[in-house]
Amino acid sequence: MAGIEPALPAPAHTVAPHAANAPADSASGALSEGSPGTPRAPGSDTSSATVTGTDPDVPDVAQLAAVQDRLAGWISDLSTLHDLTERLVHTRTLDEALRELLRAGAALVGARRGLVVLAPADGLGPETTVGLGLGHAEIGHIETVPRRALSYARILDGLPEPGACGDDAPAPGAGRAPDPRTSAAGAACTEISEPDIPGEKGLDPRLREVAARLGYAASYAVPLTADPIGRTGAAVWLYDEPAEPTERQRHLVGLYRAHAAEHLARLLELHRSRQDTETLREELLPHRLPRIPGVRLAVRHSTGPRGGGDWYDALPLPDGALGLAVGSVTGSGPSAVAAMGRLRASLRAYAVMEGEDPVAVLSDLELLLRLTEPARSATALFAYTETPSGGPSAPPVPDGLTGPPSYPEDMEDMEDDLADGSWGSARLPRKLVLAGAGHCPPLVLGETRTEFVETSLSAPLGMLACWEAPSVEIEPAGGETVLLYSDGLLARTGESMDRAFTRLHAAAAGVPGAIRHDPEAVVDHIVRTMLPQGLDDPSSEEDVVLLAVYFEE
């Protein structure tokens, strides 16, 4: 049965599995020498299946009842372990697994509260503490106890309980306990039971004080070890009254934690891999958004559990211009993240050289992708805008002036305009030129409109022998926001693309007027509306990018 190790001894109230298949006339023999609680009479024949004073052809009713009782207990234990391990293997994150370990262990040892400390022996982390029935403040109280007095800390430090390993056992601080992975004695020594904290002599006074304050009177701590890391942490359960687990409970929790430690080791390796990929991705994306006069930017992005290739960029360009980009590389994992970094770096170079022509930028990117990574495709959108504040246009002709100004009357009017700031105050219209290659169209959000930009239909980069699609030019008004996003924002809704686009449009249109001038608030509102589970939903493997560009009035 999954989750059970038959090589480990059965609990005291069980019998060997072959007893279940023994015929009725040999039931007494099933409980012969070697079976717990069933001593053989001195001088009896070891080949006999009968008990003194009974008919050899009639099974002993009491012994049959004992066999059935023990088999029922054994099956109950197997069923319990199966259910608990099934719940454990369905956890997908370290935090979920640690909480399930605490909950299951408390049920097996008969405790109500506990905590587990994750502290991998290789020192690569992560290190964390999770409590069951304990808040952060209560865990903090426990951590004020000197480390040498905490049972789980002694386990983490490899120090055995004094005298637990025999007369040759080193005292705490004098040496290391035997490796619990290679020594059965070492494993027994690292299970520390403190059955009566208030009454036991020799305990640290601070431990007694904290135990009394938190209302627990006994503890039972066990190590968590699994290859290839070795020690991954320790768990301790707390009893409200003086108590300690029975032999049967120790056996059951030992079976369970062996599988739990292996599951934790796998999740730990997966967690580290994801963290490495996330770190690499973060280093390949902008550390901060640039500050451009007249423009405010905000971004939200999230990486799927396996690490994907969605990216964004916002870079200052010569002559006070601004380049904006979003894109997505096919695939997931470290290779996709590396490809994303190469693509983004290349686009930045092309944007500096010819950013005012987004079509040329994407055409160069298409050629590079086709030559260097022919097996990969990508989508991208690049937009170019000059400094939104612009410069003064040609001075307007004053009202009533039909020709060159004559001095002094007309020139006096123009001087008045200069004095009050009206002459030359006309601004160049904001202009955003963009081109897309298989990417989602931007969305313009303003006081009077919420509409998608009609971009030219184009295949993704790498899908055609030569890519080129005409650019699109829009003029966002002051106070309007242009939203650039990846298709992961739509895919995470779990709906069809048409319905997802409709949902995004409704989310943007529903942004309250009071926050429309704050791009940070705008992206937060859209994320909450589109993704109720949040950006860090572990059930979705889609990356998400949402970049808001707000043009000041």
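The values are calculated or read from the model by the stated rules, or taken from the named source; none is laboratory data. Because the structure is predicted, anything quoted here is derived from the model rather than measured. Cβ atoms come from the backbone with ideal geometry, glycine included; neighbour counts cover every protein chain shown. Side chains included, ligands, DNA and RNA excluded: accessible areas come from the protein's heavy atoms. Shrake-Rupley method; radii C 1.70, N 1.55, O 1.52, S 1.80 Å.
Annotations
- For Ala153: the one exception among (1) of a type outside the set (S, T, N, Q); (2) open to solvent by 10 Å² or more (accessible area, probe 1.4 Å); (3) in a helix (DSSP H, G or I): (2)
- Qualifying residue in the range 492-509 (condition: open to solvent by less than 60 Å² (accessible area, probe 1.4 Å) and at positive phi): no
- Residue within the range 453-472 that is aromatic (Phe, Trp, Tyr) and either over 21 Å from Val329 (Cα atoms) or under 22 Å from the mean Cα position of the chain (by Cα) (or both) present: no
- Which numbered condition Leu434 misses (of (1) under 21 Å from Leu322 (Cα atoms); (2) at pLDDT below 50): (2)
- Of residues in the range 136-150 being small (Gly, Ala, Ser) and under 25 Å from Ser193 (Cβ atoms), the one most open to solvent (accessible area, probe 1.4 Å): Gly140
- Test: Val210 is buried (at least 18 other Cβ atoms within 10 Å of the Cβ), out of contact with any strand residue (DSSP E or B) (no Cβ under 9 Å at 6 or more places or on another chain), at pLDDT 50 or above and not charged (D, E, K, R): yes
To keep it simple, each residue is scored yes or no on (1) farther than 24 Å from Ala217 by Cβ; (2) at pLDDT 95 or above; (3) surrounded by 18 or more Cβ atoms within 10 Å (Cβ to Cβ).
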{"residue": "Arg92", "(1), (2), (3)": "yes, no, no"}
{"residue": "Ala97", "(1), (2), (3)": "yes, no, yes"}
{"residue": "Asp122", "(1), (2), (3)": "yes, no, no"}
{"residue": "Pro160", "(1), (2), (3)": "no, no, yes"}
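- Residue in the range 259-276 that is among the polar types (S, T, N, Q) and modelled with pLDDT of 90 or more present: no
- Every condition in (1) outside any loop (DSSP other than H, G, I, E, B); (2) open to solvent by 10 Å² or more (accessible area, probe 1.4 Å); (3) under 30 Å from Glu86 (Cα atoms); (4) modelled with pLDDT of 90 or more is met by Ser219 except one, and the failing one is (2).
- Filtered residue count, the range 516-538, keeping only those that are in a helix (DSSP H, G or I), open to solvent by less than 60 Å² (accessible area, probe 1.4 Å) and farther than 20 Å from His439 by Cα: 6
- Residue ID - modelled with the lowest pLDDT, chosen from residues in the range 281-328 that are of a type in the set (Val, Ile, Thr) and within 20 Å of Pro442 (Cβ to Cβ): Ile292
- Filter result for Ala265 (in contact with a Phe, Trp or Tyr (Cβ under 9 Å, 6 or more places away or on another chain) and free of Cβ contacts under 8 Å to residues at least 60 places away in the same chain): no
- Residue-level check: of (1) open to solvent by 30 Å² or more (accessible area, probe 1.4 Å); (2) over 30 Å from Ala339 (Cβ atoms); (3) not in a helix (DSSP H, G or I), Arg257 misses just (3).
- Qualifying residue in the range 142-156 (condition: modelled with pLDDT under 95 and over 18 Å from Ala234 (Cα atoms)): no
- In the set Glu194, Glu244, only one residue is acidic (Asp, Glu) and buried (at least 21 other Cβ atoms within 10 Å of the Cβ); that residue is Glu194.
- Here is the figure for the range 114-163: residues that are among the aliphatic types (A, V, I, L, M) and within 16 Å of Ala97 (Cα to Cα) total 7.
- Inside the range 496-515, residues that are part of a loop (DSSP other than H, G, I, E, B) and of a type outside the set (Val, Ile, Thr) make up a count of 3.
- Leu71 vs. criteria over 14 Å from Leu252 (Cβ atoms), at pLDDT 85 or above and open to solvent by less than 40 Å² (accessible area, probe 1.4 Å): no
- Within the range 299-344, the residues that satisfy the criterion of being part of a strand (DSSP E or B), open to solvent by less than 10 Å² (accessible area, probe 1.4 Å) and free of Cβ contacts under 8 Å to residues at least 40 places away in the same chain are Asp313, Leu315.
- Residue pairs meeting the criteria (Cβ under 6 Å; at least 6 apart or on separate chains; first without any contact (Cβ under 8 Å) to a residue 60 or more places away in the chain, in the range 193-212; second of a type in the set (Asp, Glu)): Ser193/Glu244; Pro195/Glu244
- Here the condition is being closer than 14 Å to Ser302 by Cβ and surrounded by 18 or more Cβ atoms within 10 Å (Cβ to Cβ); of Ser486, Ser458, it holds for Ser486 alone.
- Flag for Leu289 being closer than 27 Å to Gly534 by Cβ, in a strand (DSSP E or B) and open to solvent by 10 Å² or more (accessible area, probe 1.4 Å): no
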